[in-house]
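One structure below.
The values are calculated or read from the model by the stated rules, or taken from the named source; none is laboratory data. Keep in mind that what you see is a predicted model, and the values were worked out from it rather than measured. Note that each Cβ is placed from the backbone with ideal geometry, even for glycine, and that neighbours are counted across all protein chains shown.
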Amino acid sequence: MQLVVVANPKGGVGKSTLATQIAGYFASQKHAVMLGDADRQQSSKLWLSLRPDTARPIASWEIDRDNIAKPPKGTTHVVLDTPAGLHGKRLKDILKQAHQVVVPLQPSVFDIFATQDFLDELAQSSQAAKTQIGIVGMRVDERTRAAEQLRTFVESTGLPVLSHLRPTQNYIQLAARGLTLFDLPPERVQRDLAQWQPICNWLDTQKK
């Protein structure tokens with residue numbers, strides 16, 4: 001089983017968007033997918049309730065937000081959407097099960113500084129050696145100075161930047177319907193799928 005954790009201690013950085021899209025990618029590959037939501041806002045759980053029956057199935061991983069248990073047998077891929085403020089014992093407990101951690105990060109000085117301590121905590125964790133960690137730039141306009149600041153910061157961490165995702169209404173409109181880019185005909189979202197290809201390749205490097 002492959003467990004992908006989407007985490008950043010700062011709220012509003014796009015964790016639920018990233019978690020639902022990753023679950024959608026795994027579902028498009030015909031895997032047995034579960035999506036867990038440990039955030040108080042329960043955005044990913046709401047998204048699951050909106051998902052149409054005609055879309056590839058993604059099961060809900062019903063979890064206690066304070067005690068992350070192992071997913072049920074028969075599941076091959078699990079995505080966990082985590083709460084803001086994740087650190088300390090809760091972070092360590094989650095990392096014990098995680099194979100990959102995806103950190104969404106927006107090109108804002110506030111987001112960058114809020115994430116620095118989290119990345120340091122990840123690196124210092126005893127589980128870091130066995131866990132792949134990747135960063136995804138969220139709502140990045142490559143033409144801006146903020147995007148350059150984001151690139152400079154991430155380079156200083158030594159962690160891989162999987163991709164930069166552009167600011168587009170596609171994610172908002174799809175979320176309202178319980179769908180992802182991977183549920184649509186590829187020709188309708190070619191530009192976004194191209195930005196997702198490096199993320200998908202990275203996710204697929206995890207040995208099952």
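Some notes on this structure:
- Inter-residue pairs, beta-carbon under 6 Å, first in contact (Cβ under 8 Å) with a residue 24 or more places away in the chain and in segment 113-124, second among the β-branched types (Val, Ile, Thr) and in a helix (DSSP H, G or I), 6+ apart: Leu119/Thr157
- Residue within segment 1-23 that is more than 26 Å from Pro198 (Cα to Cα), touching a strand residue (DSSP E or B) at 6+ places or on another chain (Cβ under 6 Å) and surrounded by 16 or more Cβ atoms within 10 Å (Cβ to Cβ) present: no
- Of the residues making up segment 136-164, those that are touching a residue at least 40 places away in the same chain (Cβ under 8 Å) and either outside any helix (DSSP H, G or I) or of a type in the set (A, V, I, L, M, F, W, C) (or both) are Val136, Met138, Arg139, Ala147, Leu150, Phe153, Val154, Leu159, Pro160, Leu162.
- Residue, nearest to Val6 (Cα to Cα), within segment 126-135, restricted to residues that are of a type outside the set (Gly, Ala, Ser) and in a loop (DSSP other than H, G, I, E, B): Thr131
- Of the listed requirements (1) in a helix (DSSP H, G or I); (2) at pLDDT 85 or above; (3) among the small types (Gly, Ala, Ser), Ala123 misses just one: (2).
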